[in-house]
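S.K.: Please see the structure below; I have some questions.
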Amino acid sequence: MWKHIRRILMVLLACVFLFCGATVAVVQHQYQVNKRLYREAASSFTTQTGTVPSGPSLFKKTDPGELSPEAEPGEMAPIEVDFEALRKVNPDVIGWIYCPDTVINYPVMHGETNDTYLHHSYDGTYNASGSIFEDARNGRGFVDPVSILYGHHMASGAMFATLDLWQAVDYFYEHPVMWLLTPTRDYKVELCSAYNTSAYSDTYSFFTAHDFAFAEYLRMVLSSSVIRTGAEADPNANYILMSTCAYVFEDARSVLLGKLVPLASAGGKALTQ
């Protein structure tokens, strides 16, 4: 009797072990598929232009939507993006975010809900790694005072897993800017605040106007930074807040705030006057 029960238990444990092993194998396979998919996307839809990115400039006041005085005349992103071809694959693509010498080189999505691209790649196929995507509560395409972008913290270092690196002084000043390209306007992203916070904190707030509440929000986010960047709150500018999971306390998130400095280009190509 006990021998029979022991045999059954051993078989059950073996089944559990095999199931867990198969699950891990499937997830690892999806990670590799996603890594290859985004590497091919960068190869197919972006072109390096050879432009040398500049470091952060003074954080001066600017009117939203106008060419900012922080951008050097004729300054361009170091890549071009073929949005026409990219949006034939998926019209939910709203931009491309790129940081030289890092893994951040991804299309940015905007879905109907925040679940849409949580576990789907930019081409719409299911994958546990998901995509970089704009919060569905934001106006589509970086039109709000602050747009929130999400990405998984992948064990492989992919997606937004490296956001917490900007909390180290050396890394921050070696990578002071990112580039956000869109079909209608490109931006230099001047990074200005990096810290950990709760998923339920006021960091995740939404605004429709450059008003007093937004100015107070900016002061809060800038003062929360673990890096003293010297950036001043500019309530007339638009910003992006990049967010990923952190594992320093329950429901922790690593965030990185960047000011959008408009360029006279779209998709990496100069806008015609």
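S.K.: So, counting K/R as plus one and D/E as minus one, what does the shell of residues with Cβ under 15 Å around D170 add up to?
M.R.: Every neighbour counted, the sum reads -2.
S.K.: Per 0.36 nm of contour for each residue apart, how much would the distance between L37 and A136 grow if the chain were fully extended, relative to their Cα-Cα spacing?
M.R.: Value of the extension gain: 33.3 nm.
S.K.: Based on the alpha-carbon gyration tensor of the range 143-219, what equivalent-ellipsoid semi-axes (square roots of 5 times the eigenvalues) come out, in whole Å, largest first?
M.R.: 22, 17, 14
S.K.: Counting Lys +1, Arg +1, Asp -1, Glu -1, what net charge surrounds D115 among other residues with beta carbon under 14 Å of its beta carbon?
M.R.: The answer is -3.
S.K.: Of all accessible surface on the range 80-187 at a 1.4 Å probe, what whole percent is carbon and sulfur?
M.R.: 50
S.K.: Additional query: Once you keep just the Cα pairs under 8 angstrom separated by 6 or more residues, what percentage relative contact order results for the range 83-142?
M.R.: About 27 percent, as a whole number.
S.K.: Express in whole angstrom the spacing between the alpha-carbon centres of the range 197-265 and the range 120-136.
M.R.: 23
S.K.: I want the local charge near S265. Using Cβ-Cβ distances under 11 Å, sum +1 for each Lys or Arg and -1 for each Asp or Glu among the other residues.
M.R.: Once positives and negatives cancel, what remains is 0.
S.K.: Identify the trypsin sites (Lys or Arg not before Pro) of the range 168-273 meeting these criteria: DSSP loop state and at most 16 other C-beta atoms within 10 Å of the C-beta.
M.R.: Hits after loop and neighbour filter: R228.
S.K.: With N set to the number of residues, divide the alpha-carbon radius of gyration of the range 81-197 by 2.2 N^0.38 Å and report two decimals.
M.R.: 1.04
S.K.: Could you tell me the convex hull volume per residue, in Å³, taken over the Cα atoms of the range 161-273?
M.R.: Spelled out: Cα convex hull of the range 161-273, divided by residues, is 120 Å³.
The values are calculated or read from the model by the stated rules, or taken from the named source; none is laboratory data. Keep in mind that this is a model prediction, so the values were computed, not measured. Because the Cβ atoms are built from the backbone with ideal geometry, glycine has one as well, and the counts that use them run over all protein chains shown. To get the accessible areas, we keep the full protein, side chains included, count just its heavy atoms, and leave off ligands, DNA and RNA. Shrake-Rupley method; radii C 1.70, N 1.55, O 1.52, S 1.80 Å.
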